[in-house]
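Worksheet: one structure, shown below.
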Amino acid sequence: MRGWIVLRRADWRAAWIGGRLQLSLSVRPRHASLSGTILYWPVSINEVLVFIADLHEFPSGHSPVPDGELYIVRGALVGRGVLPDGVVLRAIGWLGDNVPRVGDTAAQCIARLVDAHDRGFVFKDHSRGWHSCEVCERLGVDTHVYHEVHWADRTLQLYGHGHFIVLAKRRLLRRRVAYMFPALLLHYLLVHHYRPPDEFVTAVLVGQFLNEDSLRLVDAEPLP
Ligand SMILES: [Zn+2]
């Protein structure tokens, strides 16, 4: 172990490689430390792995994707998609190969997540590829593009690509929290018994799932 490193945004660019968000460094990191709740694990001088802790709150105005920008098309325009004003983004379920808490999740919460899956609320990360469950990989279980999960009398095939965002109903001061979680969350809940934080469960139960139509379009330009 060579320690955790903190990177300035200008120092790296991100890409999904081999199922993990990997960052390529443009400069050699100057210091090693642990910062906040996003952890960077160096695998070489040019690459680090990123683990985003539960309830990590992204900076105000952060794009509705783990990293980079989300470009959307609306009519004849293309531009960046951003969250509605006053909405802050927190991360849930970006586990890597580790399950931080184990326990049962309320059946109503699972049912709402299945419903959001069925209704296609997933944000597609466009250029980012699909990824498979790293917990399964660590346990030596074969992983595939699709992760089969069983719920009630149904079998779902989860595609490890993209993420979901659910907006909490409750307003805190003038802010509302949106929770961003990966497409494989139902697999983590049902297969690995990952227990998400209670505030997220409440948001799923009474909040609103977002899709690209929920975003504001900024820096819009005519489609080429
Ligand atoms: Zn798994």
Let me check I've understood the local charge: for Ala111, count other residues with C-beta under 11 angstrom from its C-beta, Lys and Arg +1, Asp and Glu -1. What total comes out?
0
Diffing segment 71-78: the Karplus 3J(HN,Hα) column from phi (6.51, -1.76, 1.60, θ = phi - 60°), in whole Hz with x for Gly and Pro, holds 9, 10, 10, 9, x, 9, 10, 10
A correct Karplus calculation of ³J(HN,Hα) over segment 98-115, with 6.51 cos²θ - 1.76 cosθ + 1.60, θ = phi - 60°, whole Hz and x for Gly and Pro, returns 10, 9, x, 9, 10, x, 7, 10, 3, 4, 5, 5, 4, 4, 5, 5, 5, 4
Once amide H atoms are built 1.01 Å from N in the peptide plane, which residues 5 or more positions from Tyr71, or in another chain, come under 5 Å H to H?
Gly81
Compute the separation of the alpha-carbon centres of segment 176-224 and segment 101-154 and state it in Å as a whole number.
13 Å
Residues whose modelled amide H sits under 5 Å from the amide H of Trp151, counting only those 5 or more places away in sequence or on another chain, are Leu156
For Val87, residues with placed amide H under 5 Å, excluding near neighbours:
Arg176
Quote to one decimal, in nm, the extra length available between Ala53 and Asp115 on full extension: 0.36 nm per residue of separation minus the C-alpha distance between them.
19.8 nm
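Values quoted throughout were computed directly from the atomic coordinates according to the rules given, and no laboratory measurement underlies them. Note that the structure is predicted; figures quoted are calculated from it, not measured. Reconstructed Cβ throughout: ideal geometry from the backbone, glycine too, with neighbour counts over all protein chains shown.
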